[in-house]
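Written below as structure tokens is the structure these notes are about.
The values are calculated or read from the model by the stated rules, or taken from the named source; none is laboratory data. Since the model is a prediction, treat every value here as computed from it, not as a measurement. When we count neighbours, we look across all protein chains shown, and the Cβ atoms used for this are built from the backbone with ideal geometry, even at glycine.
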Amino acid sequence: MADIPFIESELEEKVHWDKAKSLIYTITDFPQVLKQAKLESSCQSIVLHGVNVLAVNREKLKTMPKQLIHSDLGADNFIFDKNNVKTIIDFTPEYNHPYYSLGQFVYWNYLWQSKAVDAQTIDSMLRVYHGDRFKKHDIDLFVLLLIKVVLFRIIGRFLSIYDSGKIDYSILSRRINILKYLLEQFKTISMTG
């Protein structure tokens, strides 16, 4: 596989979803916006806990290897021929670790579908992805990026609602419940720093 020169700033920030991708925005600016909103306090607490997990692990997220990835691997972006993936469409570029792309896949095809994702499931996924060449560090990084994926889905939708002035955040409840589930399921991993 050839390396393609790429500069992260080549990806333009045009909409609020682009802000939601930014680790700096998520950690520094978003908590202030969230506190101004009329989101139920228990939901706000869960989201801020997730943001804190990213803040604690900021250095790990900043220094991990990154590349250009497809950041929206939902089921409807796969074209099948019988039981084989023929192609992947709707390339949504992002500069991030490949696990972020895998995390988007897990979000849409497991978490959004209310399928359990536990340590054993992640272990199985990483074995498919890497064979037996992965380490505990890979599991920790994947869980951290999965939390980032879920926060992206919450923050992007939140900003859309917030900017519209509608103040009905009930549409976020499923996403926040997914985040709550992950934070409870992986509490030992999510605050490693």
- Item | Check on GLU12, modelled with pLDDT under 90 and farther than 17 Å from ARG157 by Cβ | yes
- Meets criteria (on the phi < 0 side of the Ramachandran plot, assigned to a loop (DSSP other than H, G, I, E, B) and within 17 Å of the chain's Cα centre (by Cα)) for ALA55: no
- Item | Unique match (being surrounded by 19 or more Cβ atoms within 10 Å (Cβ to Cβ), under 26 Å from SER41 (Cβ atoms) and touching a Lys or Arg at 6+ places or on another chain (Cβ under 6 Å)) among ILE167, ILE176, ILE154, ILE147 | ILE154
- Task: Considering only residues that are part of a helix (DSSP H, G or I), at pLDDT below 95 and among the hydrophobic types (A, V, I, L, M, F, W, C), look in segment 20-42 and name the one that is farthest from ILE176 (Cα to Cα).
- Result: ILE24
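From the list ILE69, ILE46, exactly one residue is crowded, with 16+ Cβ neighbours inside 10 Å and free of Cβ contacts under 8 Å to residues at least 60 places away in the same chain. Which is it?
Step by step, each of ILE69, ILE46 is checked, and only ILE69 is crowded, with 16+ Cβ neighbours inside 10 Å and free of Cβ contacts under 8 Å to residues at least 60 places away in the same chain.
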